[in-house]
Structures are given as C-alpha cells and as structure tokens.
Amino acid sequence: MSVMYLEFYGLKEQPFNVTPDPEFFFCTSGHEEAFYSLLYGIRTRKGFMQLTGPVGTGKTTLYRTLLDRLGTEIRSALIINPKLSDIQLIHSIIEDFEIKVGKRDRKSCFDALNSFLMSLAKAGSTALLIIDEAHNLKPSTLEQIRLLSNFETNKAKLLQILLVGQPELTDLLAKPSLAQIRQRITMSITLSPLDRNETERYIHHRIKTAGGQGMLIFDSPTIDEIYRFSQGIPRLINILCDKALFLSYMQRNRQELKTLMEHGHPAFGSS
Ligand SMILES: Nc1ncnc2c1ncn2[C@@H]1O[C@H](COP(=O)(O)OP(=O)(O)OP(=O)(O)O)[C@@H](O)[C@H]1O
Ligand SMILES: [Mg+2]
C-alpha cells in the first residue's frame with residue numbers, strides 16, 4: 001500500500017514519518033538559532049547546556065542533526081533513559097564512550113572517565129554527553145551529572161553536557177536544592193512551535209526532501225486547518241499530513257475500484 005501511495009504522489013520515501021531523521025531537518029529561524037548556539041557552545045567547550053521545548057517541537061531531531069554535522073570532530077555518549085540510578089548512569093556513560101574499566105565501582109569509573117577525557121583533550125577532540133528526556137532525572141542523578149561537569153583543566157571543561165527535555169526540566173532545575181547545577185548551565189535554549197508561514201514551508205520542505213514536487217494536496221485552506229489542529233507542533237503536523245495524503249489516495253482508489261466494477265474489467269471476470 002505504502003509503495004503505491006508513494007508512486008501515486010511521485011515520492012521516493014515517506015515525507016511525514018515521525019522519526020527524528022536529520023535528513024529532513026528544516027531550519028526555522030528558531031531551530032537555526034538553537035542549532036548554531038549549540039554548535040558554538042560545544043566547540044568552545046562551554047560545559048553545561050540545556051535544550052528545552054514542548055513535546056514534539058524537534059529537540060531530538062535538532063541534536064541528531066548536530067551530531068551528524070559534528071561527525072568525527074567529537075566523541076559523544078547519548079543517554080535516552082534518564083530513569084537510571086546515579087551509578088547506572090555512570091555505567092551507561094562509560095559503555096557509550098566505549099571506555100574499558102576493570103572494576104565497576106564509582107571511583108574506578110570516575111578515574112577511567114577522567115583519563116579518557118584527558119587523553120581526548122590532548123588529542124584536540126571534544127567529548128559530549130547528551131541526556132535526553134532529562135526532565136525525568138531524579139535529583140540524585142542530577143547531582144551525579146553535576147559532579148561530571150567538574151572534569152576540567154585550568155582552561156576548559158573536559159566534558160560538554162547537554163540536557164534535553166520538556167519545559168518541566170526548567171521547573172525541576174529551579175528547585176533550591178539544585179542551585180549548584182543550575183548555576184553551571186551556561187547556555188539555555190528553548191524551541192517553540194512553528195507559526196503558520198513556517199508550517200507551510202516545513203510541509204513543502206518535507207515533500208521536496210522525499211522527492212516530491214510542489215505542495216501535492218496541500219493548498220492554502222488545508223494548511224490553515226493543519227496549522228489550527230497542530231498548533232505548529234512538527235510531530236502533529238507530520239501525523240496530520242500523512243493522514244491527509246493517505247485519505248486522499250484512498251479516495252482515488254475507491255473511485256478507481258468503483259469505476260472498474262461499473263464498467264467491468266478482465267480482472268473481475270466480466271466485460
Ligand atoms: N526542525 C525540524 N525539521 C524536520 N522535522 C522536524 C523538525 N522538528 C521536528 N521535526 C519532526 O517532528 C517529529 C518530532 O520531533 P522530535 O522527536 O525531534 O521532537 P521532540 O521535541 O524530541 O519530542 P519529545 O518531546 O516527544 O521528545 C519528528 O518526526 C521530526 O522529524
Ligand atoms: Mg525527543
């Protein structure tokens with residue numbers, strides 16, 4: 001079915017998948033500012049950074065695009081399950097950086113991480129730790145992350161840390177007990193939903209990236225409706241657009257089937 005749908009619209013791939021695929025990255029002015037701020041923050045080793053935004057606004061897509069762009073310039077570790085305990089978090093980081101440790105107690109892990117970061121810095125490379133869904137972190141795990149930000153030389157932070165999460169992350173960090181970590185955050189970036197104009201350009205961009213021409217079925221009144229229902233949230237725009245393409249295609253199919261039945265066709269055994 002999906003192959004016929006693609007063929008029907010002249011597409012090479014699904015334009016409105018809900019996976020955070022960097023290939024489809026669309027730069028609104030907000031996404032662009034966020035992208036270059038983070039790139040700058042990582043390259044100049046700012047230490048602690050924070051990226052927040054409402055559900056589905058493109059946080060994961062943004063940092064995946066960033067990782068693609070940075071390529072071999074950095075070594076990164078990505079934690080996407082922040083409900084880990086503090087020691088489990090350290091183990092996950094060690095594993096993601098592919099650091100070999102003999103013993104797995106906290107001290108051995110910290111020592112191994114420290115020498116890994118030092119040798120990376122000597123080689124002129126940067127280490128980046130990304131923690132997604134960070135609004136779900138326990139305060140004790142956040143405290144552990146603060147300790148990780150202490151890896152530094154006189155000149156620079158050895159580990160760049162990017163906390164990514166929903167707006168509740170800001171509320172979490174506002175707790176008086178977390179003042180120490182809050183003060184270390186040198187860059188805080190917020191993503192917003194798209195406006196009506198950006199929604200239209202976003203839809204066009206995704207169709208083009210998927211190999212399609214023009215706006216397909218998306219005329220101006222349809223985009224108005226999509227914008228109204230999605231409030232400019234990219235994930236919701238994708239779901240609505242995919243549904244619209246599918247329904248439009250099915251309508252045509254139903255019509256074709258009806259015509260075939262009415263006028264007969266060899267495939268149906270009558271003439
Ligand atoms: N700038 C963008 N360019 C292209 N696609 C985007 C962009 N922002 C979001 N999307 C699309 O919207 C969907 C949701 O994006 P993403 O998963 O990055 O959001 P999120 O903010 O991480 O959501 P959550 O809060 O649920 O983790 C994905 O399908 C993604 O492809
Ligand atoms: Mg996400």
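Remarks
- Placing +1 on the Cβ of every Lys and Arg and -1 on the Cβ of every Asp and Glu, with nothing else charged, gives segment 5-49 a dipole about its Cα centre of roughly 400 debye.
- Ordering of 51-63, 243-255 by burial proxy (mean other Cβ atoms within 10 Å per residue, highest first): 51-63, 243-255
- Span from the segment 136-176 Cα centroid across to the segment 192-240 one, whole angstrom: 35
- Per the Debye formula on identical point scatterers at the alpha carbon atoms of the chain, with no solvent, log10 I(q)/I(0) at q = 0.11, 0.12 Å⁻¹ is -0.71, -0.80.
- Whole-Hz couplings from phi, Karplus 6.51/-1.76/1.60, listed for segment 105-115; x for Gly and Pro: 6, 4, 5, 4, 5, 4, 4, 5, 5, 4, 5
- Simple Cβ-charge dipole of the chain, Lys/Arg +1 and Asp/Glu -1, about Cα centre, in debye nearest 20: 1000
- Of all accessible heavy-atom area on the chain, the percent that carbon and sulfur account for (1.4 Å): 53
- Here the 3J(HN,Hα) profile of segment 65-71, calculated from phi with Karplus coefficients 6.51, -1.76 and 1.60 at θ = phi - 60°, is 5, 5, 4, 4, 5, 6, x Hz, Gly and Pro shown as x.
- Long-range amide H partners of Glu152 with built H, under 5 Å: Leu158
- Built amide H within the under 5 Å cut-off of Leu194, gap 5+: Ile233
- Beta bridges per DSSP with both ends in the chain, % antiparallel, nearest 5: 5
- Restraint check, Lys12/Lys258; Lys107/Lys175; Lys59/Lys157; Lys83/Lys175; Lys122/Lys175, Cα-Cα greater than 26 Å: Lys12/Lys258; Lys107/Lys175; Lys122/Lys175
- Accessible surface computed residue by residue for the chain, with neighbouring protein chains in place and a 1.4 Å probe, gives 52 Å² per residue.
- You can think of it this way: the chain between Thr72 and Glu152 has 26.6 nm of extra reach, that is 0.36 nm per residue less the Cα-Cα gap.
- Residues with amide H under 5 Å from that of Leu51, placed H, sequence gap 5 or more: Leu163, Val164, Gly165, Ile189
The values are calculated or read from the model by the stated rules, or taken from the named source; none is laboratory data. Here the structure is a predicted model, which is why all the values come from computation and not from measurement. Don't worry about glycine lacking a Cβ; one is built from the backbone with ideal geometry, like all the others, and counts go over all protein chains shown. Note: accessible area is taken over every heavy atom of the protein model, side chains too, but ligands, DNA and RNA are not part of it. Shrake-Rupley method; radii C 1.70, N 1.55, O 1.52, S 1.80 Å.
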